[in-house]
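Asker: Below are the structure tokens for one structure; questions will follow.
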């Protein structure tokens with residue numbers, strides 16, 4: 001029995017993928033999707049629409065006047081940002097607050113990982129929207145682990161004092177990582193096989209067979225997000241921790257410096273999604 005099965009023993013406790021999130025995900029593969037169509041989808045969920053509007057009015061976008069409608073928000077921030085915010089808000093709503101859990105930091109890291117994954121995708125020849133979604137999903141398994149074993153999982157998190165050390169702590173204690181659990185959850189949500197394989201590969205991208213460029217990118221994005229959270233240099237952190245991955249993806253220090261985004265910018269406005 002796979003060690004990850006323990007986190008899926010109670011199907012009733014597992015988060016269900018909302019229909020709206022499913023519709024938003026379906027739009028990722030379409031070239032003809034419009035701003036109006038995405039705004040119309042979001043309008044069907046009053047709670048989500050309110051979060052998106054608050055986010056659009058936050059310091060992240062600093063609008064010159066109040067954004068009062070989703071159509072105005074769509075026109076100001078664009079299709080990609082509108083969909084990104086909505087997917088993030090859907091995921092936040094699926095996972096209620098837990099004890100022993102810094103919810104705001106968790107989702108800051110989630111947004112930062114997604115944003116860095118999108119930034120790294122283009123120079124690596126990957127689809128930026130898929131990379132963003134994979135980065136956003138990468139940490140979801142941590143919440144399922146926490147629900148199952150809150151004391152040991154929170155202790156493991158507290159022991160991960162250096163960037164990108166949490167998965168090593170998890171593997172030593174549980175025999176799997178939150179990336180492994182996230183991959184199983186994504187499979188149960190019927191995400192594409194390539195995305196679930198990338199999530200699983202992110203647990204140990206150097207050892208994954210076949211090599212998954214997307215898995216490597218989201219692991220690097222996660223490490224960069226954790227470096228930003230701990231206020232240590234992202235580029236130097238990635239060079240120190242994952243030189244072989246960087247070489248395989250063709251990412252040199254100058255490219256990383258030009259590509260990675262400021263952590264504070266990626267996490268600005270997160271409080272508006274948690275209300």
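Only the coordinates and a few stated rules stand behind these numbers; no lab work does. Keep in mind that this is a model prediction, so the values were computed, not measured. Here Cβ is always computed from backbone atoms with ideal geometry, including for glycine, and neighbour counts include all displayed protein chains.
Asker: Taking the Cα atoms of the stretch 9-94, report the difference between the largest and smallest coordinate on each principal axis, in whole Å and largest first.
Answerer: That works out to 50, 28, 19 Å along the principal axes.
Asker: Let me ask you something else. Using a cut-off of under 11 Å, list every residue of the stretch 248-263 whose amide N is near the label point 7 Å from the Cα of residue 122 along the Cα-to-beta-carbon line.
Answerer: In the stretch 248-263, the label zone of residue 122 (backbone N under 11 Å from the point 7 Å along Cα→Cβ) covers 259-260.
Asker: If you average the C-alpha positions of the stretch 109-171 and of the stretch 51-95 separately, how far apart do those two centres end up, in angstrom?
Answerer: One Cα centre to the other: 23 Å.
Asker: Let me ask something else about it. Would you mind calculating the gained length between residue 105 and residue 46 on full extension (0.36 nm times residue separation, minus the Cα-Cα distance), in nm to one decimal?
Answerer: Numbers: separation 59, 0.36 × 59 = 21.24 nm, distance 2.55 nm.
Length gained between residue 105 and residue 46: 18.7 nm.
Asker: Suppose the Debye formula is applied to equal point scatterers at every Cα of the chain; what is log10 I(q)/I(0) at q = 0.07 Å⁻¹?
Answerer: Result of the Debye calculation: -0.23.
Asker: P(r) for the stretch 49-141: what percent of alpha-carbon pairs falls in each 10 Å bin, starting at zero?
Answerer: Reading upward from the zero bin: 15, 42, 34, 8, 0.
Asker: Under the Kirkwood approximation applied to all pairs of distinct alpha-carbon atoms, what is the hydrodynamic radius of the stretch 222-262 in Å?
Answerer: Working: mean 1/r = 0.0982 Å⁻¹.
Taking the inverse mean of 1/r over all distinct Cα pairs, the stretch 222-262 comes out at 10.2 Å.
Asker: Please compute the modelled spin-label separation between residue 75 and residue 162, points set 7 Å along Cα→Cβ, answer in nm with one decimal.
Answerer: 5.2
Asker: What percent do you get for the relative contact order of the chain when only Cα pairs under 8 Å and 6+ apart count?
Answerer: For the chain, the relative contact order is 22 percent.
Asker: Let me ask you something else. Tell me the mean residue ellipticity at 222 nm calculated for the chain from its helices only (DSSP H runs of n ≥ 4, each -39500 (n - 2.57), averaged over every residue, nearest 500).
Answerer: It lands at -19500 deg cm²/dmol.
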